[in-house]
Amino acid sequence: MFPRFSEVLLAIEDLQQRGLLVSYAVFGAIAQMFWDEAIPTFDLDVLVVLGGQTGTLVDLGPLYQWSREKGYSAGREHIVIGEIPVQFVPAPDELHEEAIRTAAVLDFDGLPVNVVRPEYLIATWLAVNATHVVHSGVSGNNGGYHTNPLLLEGLPN
């Protein structure tokens, strides 16, 4: 895990107190680390519901304004907090919002951290990658492509 992860958690708390974030959950490779073996990753992905946002157009401007006020550097899609590149990803649909609502509240050095549960990590990965079906290497099976119905069993709606 990142050595200064607690700084990110305190920054997220500040964003919530200011109303810029309604809710959040750590997801991606870092969330997986809470549930399984550590895997290499470059950044911290934070799935968010933004405060003060209506309509379909997402404005991350207030987050970047906040980062400037706090003295955090920003580059491309990341805000660097405690030397950790953090990507705030607005929940694109109901499944991702449900992943945030049902996140596990875990402990990291005495601080609470919302972490997407494993079944939602799988479901959101499948939802995003649904157009990239797994190639079976066997022809005559949807042109050599298939999806395994067992992958979908027991996953959130």
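Modelled spin-label separation between residue 126 and residue 101, with each label point placed 7 Å from Cα along the Cα-to-Cβ direction: 2.0 nm. Which loop-located trypsin sites (Lys or Arg not before Pro) does the range 1-99 contain, where loop means any DSSP state but H, G, I, E or B and the Cβ has at most 16 other Cβ atoms within 10 Å? Listed in order of number, the matching sites are 4, 18, 76. Between the amide H of residue 89 and those of 46, 47, 48, distances stay under 5 Å, these residues lying 5 or more places away or on another chain, with hydrogens modeled in the peptide plane. A simple spin-label model places pseudo-atoms 7 Å from Cα toward Cβ; at residue 18 and residue 70 they are separated by 0.7 nm. Placing dummy labels 7 Å off each Cα toward the beta-carbon, the span from residue 59 to residue 6 is 3.6 nm. Each Lys and Arg Cβ is given +1 and each Asp and Glu Cβ -1; about its Cα centre, the range 2-45 then shows a dipole of about 140 debye.
Within the range 1-57, the GluC sites (Glu not before Pro) that combine a DSSP coil assignment with at most 15 other C-beta atoms in a 10 angstrom radius are 37.
Bear in mind these aren't lab numbers, they're just calculated from the coordinates by the rules spelled out. Keep in mind that this is a model prediction, so the values were computed, not measured. Every residue, glycine among them, receives a Cβ derived from its backbone with ideal geometry; neighbour counts consider all protein chains shown.
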